[in-house]
1. Using the alpha-carbon centroid of each, what span in Å lies between the stretch 25-104 and the stretch 122-200?
2. Could you pull out the GluC sites (Glu not before Pro) across the stretch 127-189 that fall in loop regions by DSSP (anything but H, G, I, E, B) with no more than 15 other Cβ atoms inside 10 Å?
3. Set Lys and Arg Cβ to +1 and Asp and Glu Cβ to -1, take the dipole of the stretch 84-156 about its Cα centre, and tell me which of Leu123, His113, Val84 lies farthest positive.
4. Seen from all sides and averaged, what is the projected area of the convex hull of the Cα atoms in the stretch 297-350, in nm²?
5. If I take every Cα pair under 8 Å that is 6 or more residues apart in the chain, average their sequence separation and divide by the length, what percent do I get for the relative contact order?
6. Let me check I've understood the local charge: for Gly48, count other residues with C-beta under 15 angstrom from its C-beta, Lys and Arg +1, Asp and Glu -1. What total comes out?
7. For Met292, Met51, Met317, what ranking results if the residue with the fewest other Cβ atoms within 10 Å of its Cβ goes first?
8. Please give the net charge around Ser217, taking every other residue with its beta carbon less than 13 angstrom from that of Ser217, where Lys and Arg add +1 and Asp and Glu add -1.
Amino acid sequence: MNEMQEQPGRDSGAGTVTGGPPQKWDYQSLTAFRGIAALLVVFYHFSGGFMPGLSPEHVTYFVDRSYLWVDFFFLLSGFVMAHVYRERFSERIGGPAYRGFLVARLARIYPLHLALLAAFVALEVLRSLALQDGLIEARLPPFEGPKSLSALLVSLGLLQSTGIESALAWNWPSWSIASEWFAYLLFPVLVLAGARMGRRAGLLSAAACLLGLVLLSKDGGAQLDRTADFGVLRCLCEFSLGMLVEAALQRLLRAGDRLRWLARGTTSVGLLALIVLGMHLGWDAIAFPPLMAAFLLCLALNDRREGRFARALSGRMLLWLGTISYAIYLCHALVLEAAELAGKVLVGHKPGVGLDPAQSLIAIAIAYALILPLAHVLHRGIERPAQSAVKSSRLARRFIHGPAATGTRPATQG
């Protein structure tokens, strides 16, 4: 989820969408929409086996397709990184600039990832104690299977989406964070490759990204849920497509009013309605990345024109959701698994078992009521201070500038 973005003039967050020099445009509507997308991914995860009585597919396929909002995260990350850092790498890839970029990105995603992995280890210790006391039964012993020590090392190394493990493990949503790390590693090369790319080459590159997604998809394009099984490639295709969307935006801004209709709020609303309708009807997953890319482009244009739709998305509550969305995305699996363990200890089964649809929705609302304040605390207490500490650390300065780096030299500029 990366997450993972920074915003000029604000603190960074999966929540915030851009970061960097103050002259960069602050896409508040994109920040806010990221929060909405994070909540939809949470609902998708909580409505599965955790709430077996809900069965939303009897009414709509929207929930079943909501895993695809992770694909919007990848598009948005590519867009934001290009918006913030393109100029830094458009001529050459300098060593200090590249190392500074990596430090900034690692400081952005890793501290909270590490803190939540530690929380998952503590939860597994509690599960082990409950098992020893006979309070619960388990198919696998503690620290085996998806909670093995080898899987923990894979998660620590941000390798969850490279095919090393056959299934997601520990904090399973973090596979997308790991995927974005690989996109960050390649980002300066992608910028340099596209620096002098014309419109035709850009269209061909976008087509290549979509073709890559077709090849990665399952069941003839019906599903795009690659995660542990080389989800990194899914991310790279969409991250690159997001960068191309940002390049198209710059071209459209230079063109003036010739394509003014793209910037209208009605265009963004229409595209969003089409995405929602397609998810409701259960369209093949492969249809959504291009629709989401078009929506991202039009919403960004509407934001630049300070249109009504973008302003409507920029209210205080939605911006708050966007700001803490990285923490929402990373902590919700911990809340889910802690609730499952508590349910097994207290009543002998998962909390969602035996609930009817209405009760299941109430339970998910309670989960949101736990996740949102927890995410706020994690954002303010770990994510932001750790990011600042890592970027200003002596180790970061030495890595970026070499052993001769002085104590007063800033570690990063982004």
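1. 17
2. Details: sites: Glu137, Glu144, Glu165, Glu180; in loops: Glu137, Glu144, Glu165.
Hits after loop and neighbour filter: Glu137, Glu144.
3. Val84
4. That works out to 5.4 nm², a quarter of the Cα hull's surface.
5. Values: 666 pairs, mean separation 121.6, N = 414.
So the answer I get is 29 percent.
6. Working: positive: Arg65, Lys350; negative: Glu57, Asp64, Asp225, Glu337, Glu340.
Here the charged neighbours net out to -3.
7. In increasing order of surrounding Cβ atoms, one gets Met317, Met51, Met292.
8. Working: positive: Lys218, Arg226, Arg234; negative: Asp71, Asp219, Asp225, Asp229, Glu238, Asp284.
After counting each charged neighbour, the total is -3.
Read-outs throughout are calculated quantities, based only on the coordinates presented, and are distinct from any laboratory measurement. None of the values given here were measured: they were computed from a predicted structure. Virtual Cβ from ideal backbone geometry, glycine too; neighbours counted across all protein chains shown.
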